[in-house]
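J.: One structure follows; several queries about it will come next.
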Amino acid sequence: MIFQLVRRFTQTLLVLFGVSVATFLTMHWAPGHPLQANPELRLDPTAVERWLQLRNLDQPLPAQYLSWLSRMLRGDFGQSLLYNRPVIELIRERLPSTLLLTVTAFLIGLFLALVVGIYVAKKQNSWVDRMVQVYSLAGISVPGYWLGIVLIICFAYRFPLFSAVGMRTPGDGSLPDILQHMVLPLIVMVFHNFAYYVRHVRSAVLNVLNLDFVRAAKARGLTDKQVMLWHVLPNSAIPIVTIAALSLPVLFTGAMMAEQVFAWPGIGRFIVTSTMARDYPVIMTVNLYTAALVAIANFLADVLYLFIDPRLRVKA
Amino acid sequence: MRRLLPLLCLLILILSGCHGYKEHGAGQESELHVAAIAGPVTLNPIFVRDSASAEVASLLHASLLITDPDTLEPMPHLVSSWDVLGDNLTYIFTLQENAYWTDGVSITAEDAAFTMRVICHPDYTGWLFLPLRYVAGAQEYKENHQSLFADGLIEGIEVLGEKTFSVTLKEPYAPFLSLLTFPLLPAHLLSAVEVGQLEAHEYSLKLPVSSGPYLLAEWDADEYVHVKANPDFFLGKPEIDHIYYRFIPNVETQVIELLAGKLDLIPTAVKVEDVKLLQTDPQIKIYTNPRLVYDYIAINTNKDSPLQDRRVRQALATLVNRREIVDNVLLGYADPLYGPLLPLHFAYDESLQAETVDLAAARELLVAAGYNNLQLNLIFNAGNLVRENVALLLKEQAAKIGIEIQLSLLEWEAFLAAVNEGDYELAILGRGVEADPDLSYHWHSESLGNALGYKNEEVDLLLEQASRLTTQRERTFLYRQAQKKILEDIPAIWLYSRQAIHAATATLEKFRPHPESVFFNVHEWTLKGGEGSQ
């Protein structure tokens with residue numbers, strides 16, 4: 001067990017190192033640099049040169065990478081080239097508003113998916129089941145961008161019930177104000193989340209429902225409720241946990257689309273802007289932290305499996 | 001589920017009642033909500049490199065001079081008056097008597113001298129050195145100044161009194177005044193800061209002290225900049241008390257918010273397709289004004305290709321139907337352009353207006369150049385529908401005379417890289433120009449901004465001559481001559497100059513956008529009945 005953990009940890013470190021090198025190289029080989037002159041503005045090439053010098057961006061790539069690595073290992077993720085502020089500070093400012101949205105959407109989506117998924121699995125091939133199937137296909141295929149605009153037109157313009165822009169009204173920012181700003185982005189995100197999760201919950205439950213031990217449990221005279229809670233759910237948990245754990249990194253990188261459409265001040269928009277602006281330190285940090293989250297999420301899922309499934313414990 | 005439904009309805013009702021938009025009645029402070037695609041990255045006016053930062057800077061800072069929105073002639077602003085000494089080399093400027101920093105300290109000639117020293121300092125990385133390089137001693141200061149601070153003296157800049165200073169140039173340079181449109185930095189706060197540290201200094205983020213019509217109240221990283229009227233602004237306290245500059249990256253959302261009455265102004269970049277919809281709403285007014293930008297097709301003559309033959313370039317130039325582009329693609333919100341001088345420039349030549357689409361002549365030119373048919377490649381950037389349409393129109397026209405144009409749609413950064421490396425035959429580009437018609441920056445062979453690598457000694461000579469003259473009549477004559485020579489060489493095909501389209505609430509009055517700045521007269525704007533957003 002300990003050996004396995006150590007092995008996984010070393011693997012994770014190697015992966016993170018690989019990700020940082022790959023990100024660094026792609027970023028620097030991609031066309032453009034952070035002060036790429038927009039031809040519509042006048043620029044001063046000598047100022048660009050001095051700007052790069054002052055930020056050590058005129059150094060050869062290996063030297064730049066090593067200096068980034070050594071600073072990163074000491075906990076210094078550098079300054080954003082665009083905003084001239086520490087990267088960590090910029091991320092910290094934007095993370096709470098993103099988490100507020102993504103975690104809420106995740107919890108609502110998962111809860112709905114569990115309730116509905118189990119229900120339709122029991123009623124396989126009923127009209128409710130068919131409707132959920134159709135919906136779930138639609139939910140995955142409908143572009144969130146389009147749905148967002150439709151919702152804005154309906155509920156922020158035609159019937160102005162909710163706000164469509166930002167996280168709060170300028171000058172306000174009370175809890176009810178924030179909540180009513182959350183409604184539309186949440187609907188878009190849950191519409192998609194729920195559609196995605198419900199498929200998995202339904203198929204996981206269905207798979208177990210058809211197994212012999214469930215029939216045996218029923219034969220022993222257990223009620224439907226007992227069968228569901230004691231036998232079906234624990235055994236269908238593994239795929240559900242996998243899906244949930246894999247969603248973890250997305251919670252932190254945000255919902256780029258919803259943030260873009262609803263002008264939500266989160267990390268997703270920040271990542272897009274920084275990538276467009278070739279803000280190297282930000283991109284490096286964000287990629288590294290996303291990679292770390294993916295690794296952590298996988299690791300957590302593995303640990304959870306051990307708890308949920310006694311068979312895996314025996315094998316380990 | 002049946003039990004949940006009423007609960008859900010209740011929740012929706014409660015939340016929808018939570019609209020935070022304040023109702024404005026008489027006597028309450030007025031608010032204006034302005035849309036922006038992105039937020040600013042710096043509030044320091046001399047490090048501005050993007051349009052959002054420039055717009056916010058124009059709310060917060062007063063520039064030395066401004067240009068007239070119609071004639072683009074230099075006009076007094078923070079500088080209340082100036083004299084030019086006989087040799088056209090020395091300018092004596094006087095600052096507004098009642099101009100104060102927002103902390104109550106008087107804005108002085110020393111602030112002006114300090115700001116110009118920062119701009120000329122070797123560690124300064126903004127874009128403003130170009131206009132100041134004509135000042136005597138500026139180049140030497142940039143090359144030889146040792147200290148990390150903007151101290152010492154520049155030969156041509158002299159503080160004469162509390163409110164007066166003089167600037168002496170190396171040689172007469174006519175456009176000089178029209179380039180003094182940058183704001184000042186407060187010397188009393190920043191003179192002890194190393195110039196290399198200035199861009200990342202707290203001042204750029206918090207802006208404790210400024211000089212403009214508005215002062216910073218709050219800058220929320222990704223939501224909005226809130227500014228409030230500066231009671232001590234030297235032209236009087238602005239009429240509108242609060243302006244919220246709100247970052248809404250999605251233009252469709254902006255339009256819907258304006259229609260819903262939650263925004264008051266979408267400046268500059270309303271899409272031509274949206275104008276019709278917005279015009280149907282009596283609560284919304286559309287404003288347009290010409291700008292100092294144009295789009296053109298760059299022709300790469302530095303690469304070995306048929307385009308090195310002038311006749312091939314001319315054949316291409318005779319294919320382009322600018323009227324059609326302006327009327328059908330830009331729905332009339334642009335001026336067709338036939339040369340590098342814009343209609344806003346005093347030297348603009350109206351006689352160039354004649355459209356010259358002639359397929360037969362184009363074909364003849366091509367054959368005369370020895371080509372029966374040929375292939376050319378045209379690059380343009382993704383996401384600009386107008387340019388995409390222009391590319392398609394050109395391809396269609398060119399096919400008629402036997403030129404096959406291959407279109408490559410490139411991502412913005414890849415597009416810029418291809419342009420900078422000269423890796424193209426034809427490219428659709430945009431360009432911003434200065435208020436003064438001086439063509440040197442883009443067309444003088446030794447200019448840093450001559451991105452096309454254009455070289456014509458006669459043009460160089462004309463441009464040098466013109467910038468030393470002072471009367472508009474003489475300069476007009478020379479610039480038109482230079483333009484004629486440039487047009488004969490066909491280094492590019494000029495297309496159109498797009499207008500700025502603004503959509504504002506009908507309650508907004510005295511809104512008068514400037515070709516270079518939407519907030520040009522923001523201190524005069526009023527909201528009818530003192531009402532703002534609801």
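The values are calculated or read from the model by the stated rules, or taken from the named source; none is laboratory data. These numbers come from a predicted model, not from an experiment. As a convention, Cβ positions derive from the backbone with ideal geometry for all residues, glycine included, and neighbour counts pool all protein chains shown. Surface accessibility is based on the protein's heavy atoms, side chains included, excluding ligands, DNA and RNA. Shrake-Rupley method; radii C 1.70, N 1.55, O 1.52, S 1.80 Å.
J.: Are any of the residues in region B:446-453 part of a helix (DSSP H, G or I), open to solvent by 40 Å² or more (accessible area, probe 1.4 Å), touching a helix residue (DSSP H, G or I) at 6+ places or on another chain (Cβ under 9 Å) and in contact (Cβ under 8 Å) with a residue 24 or more places away in the chain?
T.: So far as region B:446-453 goes, no, none of its residues is part of a helix (DSSP H, G or I), open to solvent by 40 Å² or more (accessible area, probe 1.4 Å), touching a helix residue (DSSP H, G or I) at 6+ places or on another chain (Cβ under 9 Å) and in contact (Cβ under 8 Å) with a residue 24 or more places away in the chain.
J.: Related question: With the structure loaded, tell me whether B:V34 is in a strand (DSSP E or B), at pLDDT 95 or above, aliphatic (A, V, I, L, M) and under 20 Å from B:H523 (Cα atoms) or whether it fails that test. Please lay out each step first, then the result.
T.: Working: in a strand (DSSP E or B): yes; at pLDDT 95 or above: yes; aliphatic (A, V, I, L, M): yes; under 20 Å from B:H523 (Cα atoms): yes.
Against the criterion (in a strand (DSSP E or B), at pLDDT 95 or above, aliphatic (A, V, I, L, M) and under 20 Å from B:H523 (Cα atoms)), B:V34 qualifies.
J.: Shifting gears a bit: Would you mind stating whether A:A164 is in contact with a Lys or Arg (Cβ under 9 Å, 6 or more places away or on another chain), open to solvent by less than 70 Å² (accessible area, probe 1.4 Å) and within 11 Å of chain B (Cβ to nearest Cβ)? Steps first, please.
T.: Details: in contact with a Lys or Arg (Cβ under 9 Å, 6 or more places away or on another chain): yes; open to solvent by less than 70 Å² (accessible area, probe 1.4 Å): yes; within 11 Å of chain B (Cβ to nearest Cβ): yes.
For A:A164, the condition - in contact with a Lys or Arg (Cβ under 9 Å, 6 or more places away or on another chain), open to solvent by less than 70 Å² (accessible area, probe 1.4 Å) and within 11 Å of chain B (Cβ to nearest Cβ) - is met.
J.: Of the conditions (1) touching a residue at least 40 places away in the same chain (Cβ under 8 Å); (2) open to solvent by 60 Å² or more (accessible area, probe 1.4 Å), B:L185 satisfies every one except a single condition; which number is it?
T.: With respect to (1) touching a residue at least 40 places away in the same chain (Cβ under 8 Å); (2) open to solvent by 60 Å² or more (accessible area, probe 1.4 Å), B:L185 is out only on (2).
J.: Of the conditions (1) farther than 30 Å from A:S274 by Cβ; (2) in a strand (DSSP E or B); (3) among the hydrophobic types (A, V, I, L, M, F, W, C), B:F380 fails just one. Which one is it?
T.: (1)
J.: For residues that are assigned to a helix (DSSP H, G or I) and without any contact (Cβ under 8 Å) to a residue 12 or more places away in the chain, tally how many sit in region A:192-223. Lay out the reasoning, then the answer.
T.: Initially, region A:192-223 is screened for residues assigned to a helix (DSSP H, G or I), giving A:192-209, A:212-219.
Now restrict to residues that are without any contact (Cβ under 8 Å) to a residue 12 or more places away in the chain: A:212, A:215-216, A:218-219.
So the answer is 5.
J.: Taking region A:299-316 only, how many residues are open to solvent by 60 Å² or more (accessible area, probe 1.4 Å) and in a helix (DSSP H, G or I)? Write out each step before concluding.
T.: Here is the first cut: in region A:299-316, the ones open to solvent by 60 Å² or more (accessible area, probe 1.4 Å) are A:299-300, A:304, A:307, A:310-311, A:313-316.
Of the ones still in play, those that are also in a helix (DSSP H, G or I) are A:299-300, A:304, A:307, A:310-311, A:313-315.
Going through region A:299-316 one residue at a time, the tally reaches 9.
J.: May I ask you to list the residues in region B:145-178 that are open to solvent by less than 20 Å² (accessible area, probe 1.4 Å), over 13 Å from B:V84 (Cβ atoms) and not in a loop (DSSP other than H, G, I, E, B)?
T.: B:I157, B:F165, B:P175, B:S178
J.: Further question on the same structure: For region B:239-354, list the helices (runs of 4 or more DSSP H) that sit wholly inside it and hold at least 3 residues that are away from chain A (no Cβ under 14 Å); which are they? Before you say what the answer is, go through the steps one by one.
T.: Numbers: elements: B:251-259, B:272-279, B:310-317.
Once the helices (runs of 4 or more DSSP H) in region B:239-354 are filtered for at least 3 residues that are away from chain A (no Cβ under 14 Å), what remains is B:272-279, B:310-317.
J.: Got a number for residues in region B:49-73 being in a loop (DSSP other than H, G, I, E, B) and open to solvent by 30 Å² or more (accessible area, probe 1.4 Å)? It would help to see each step written out before you state the result.
T.: Within region B:49-73, the subset in a loop (DSSP other than H, G, I, E, B) is B:49-50, B:61-62, B:64, B:68-73.
In the following step, the residues that additionally are open to solvent by 30 Å² or more (accessible area, probe 1.4 Å) were identified as B:49-50, B:68, B:70-71, B:73.
Residues meeting the conditions: 6.
J.: Moving to a separate point now. Of everything in region B:222-255, what is surrounded by fewer than 18 Cβ atoms within 10 Å (Cβ to Cβ), in contact with a helix residue (DSSP H, G or I) (Cβ under 9 Å, 6 or more places away or on another chain) and not acidic (D, E)? Give them in sequence order.
T.: B:L235, B:G236, B:K237, B:V251, listed by residue number.
J.: Given (1) open to solvent by 10 Å² or more (accessible area, probe 1.4 Å); (2) under 17 Å from B:S178 (Cβ atoms), identify the lone condition not met by B:L78.
T.: Among (1) open to solvent by 10 Å² or more (accessible area, probe 1.4 Å); (2) under 17 Å from B:S178 (Cβ atoms), B:L78 violates only (1).
J.: Follow-up question, since we're still on this one. Can you tell me how many residues within region B:454-488 are in a helix (DSSP H, G or I) and open to solvent by 30 Å² or more (accessible area, probe 1.4 Å)? Walk me through it before giving the result.
T.: The first filter runs over region B:454-488 and keeps only residues in a helix (DSSP H, G or I), leaving B:457-468, B:472-488.
Remaining after also requiring open to solvent by 30 Å² or more (accessible area, probe 1.4 Å): B:457-458, B:461, B:464-465, B:468, B:472-474, B:477, B:480-481, B:484-485, B:487-488.
Adding up the residues that qualify gives 16.
J.: On to the next question. If we scan region A:205-214, do we find a residue that is more than 14 Å from every other protein chain (Cβ to nearest Cβ), loosely packed, with under 14 Cβ neighbours inside 10 Å and polar (S, T, N, Q)?
T.: yes
J.: Sticking with this structure for a sec: Just checking, how many residues over region A:252-270 are part of a loop (DSSP other than H, G, I, E, B), aliphatic (A, V, I, L, M) and more than 7 Å from chain B (Cβ to nearest Cβ)? First the steps, then the outcome.
T.: Step one: list which residues in region A:252-270 are part of a loop (DSSP other than H, G, I, E, B), which gives A:254-255, A:262-266.
The next check asks that each one be aliphatic (A, V, I, L, M); those that pass are A:255, A:263.
Filter once more, keeping what is more than 7 Å from chain B (Cβ to nearest Cβ): A:255.
Residues flagged as part of a loop (DSSP other than H, G, I, E, B), aliphatic (A, V, I, L, M) and more than 7 Å from chain B (Cβ to nearest Cβ) within region A:252-270 amount to 1.
J.: What single numbered condition from (1) open to solvent by 20 Å² or more (accessible area, probe 1.4 Å); (2) farther than 27 Å from B:P290 by Cα fails to hold for B:L393?
T.: Only one criterion is unmet by B:L393, namely (2).
J.: Here is a follow-up. Would you be able to tell me the number of residues in region B:188-216 that are hydroxyl-bearing (S, T, Y), surrounded by fewer than 21 Cβ atoms within 10 Å (Cβ to Cβ) and not in a loop (DSSP other than H, G, I, E, B)?
T.: To start, the set of residues in region B:188-216 that are hydroxyl-bearing (S, T, Y) comprises B:191, B:203-204, B:210-211, B:214.
Going one step further and asking which of them are surrounded by fewer than 21 Cβ atoms within 10 Å (Cβ to Cβ), we end up with B:191, B:203.
After this cut, where a residue has to be not in a loop (DSSP other than H, G, I, E, B) as well, the list is B:203.
Residues that pass the stated criteria total 1.
J.: Moving to a separate point now. Which one of these does A:S136 not meet: (1) open to solvent by less than 40 Å² (accessible area, probe 1.4 Å); (2) of a type in the set (S, T, Y); (3) over 14 Å from A:Y196 (Cβ atoms)?
T.: The single condition A:S136 does not satisfy is (3).
J.: For region B:408-445, give me the residue count where each residue is assigned to a helix (DSSP H, G or I), away from chain A (no Cβ under 11 Å) and among the small types (G, A, S). Write out each step before concluding.
T.: First pass over region B:408-445, keeping only residues assigned to a helix (DSSP H, G or I): B:412-420, B:440-443.
Then keep just the ones that are away from chain A (no Cβ under 11 Å); that gives B:440, B:443.
Still in the running and among the small types (G, A, S): B:440.
The qualifying residues number 1.
J.: With region A:1-96 as the region, which helices (runs of 4 or more DSSP H) entirely inside it contain at least 2 residues that are surrounded by fewer than 12 Cβ atoms within 10 Å (Cβ to Cβ) and not aromatic (F, W, Y)?
T.: Passing ranges, in order: A:2-29, A:61-73.
J.: Next question, about the same structure. Would it be correct to say that A:R55 is touching a strand residue (DSSP E or B) at 6+ places or on another chain (Cβ under 9 Å) and either facing chain B (nearest Cβ under 10 Å) or farther than 30 Å from A:N210 by Cβ (or both)?
T.: On the way: touching a strand residue (DSSP E or B) at 6+ places or on another chain (Cβ under 9 Å): yes; either facing chain B (nearest Cβ under 10 Å) or farther than 30 Å from A:N210 by Cβ (or both): yes.
In short, yes.
J.: For residues that are farther than 22 Å from B:N44 by Cα and out of contact with any Gly (no Cβ under 6 Å at 6 or more places or on another chain), scanning just region B:127-143, find the one that is surrounded by the most Cβ atoms within 10 Å (Cβ to Cβ). Spell out how you get there, then give the answer.
T.: Taking region B:127-143 as the starting set, the residues that turn out to be farther than 22 Å from B:N44 by Cα are B:134-137, B:139-141, B:143.
Adding the requirement that they be out of contact with any Gly (no Cβ under 6 Å at 6 or more places or on another chain) leaves B:134, B:139-141, B:143.
Details: B:Y134: 21, B:Q139: 16, B:E140: 13, B:Y141: 23, B:E143: 9.
Checking each candidate, the answer is B:Y141.
J.: Tell me whether region B:145-154 contains one or more residues that are within 11 Å of another protein chain (Cβ to nearest Cβ), within 20 Å of B:K170 (Cβ to Cβ) and touching a helix residue (DSSP H, G or I) at 6+ places or on another chain (Cβ under 7 Å). Walk me through how you get there before you give the answer.
T.: Initial filter on region B:145-154 (within 11 Å of another protein chain (Cβ to nearest Cβ)): none.
Among the residues of region B:145-154, not one is within 11 Å of another protein chain (Cβ to nearest Cβ), within 20 Å of B:K170 (Cβ to Cβ) and touching a helix residue (DSSP H, G or I) at 6+ places or on another chain (Cβ under 7 Å), which makes the answer no.
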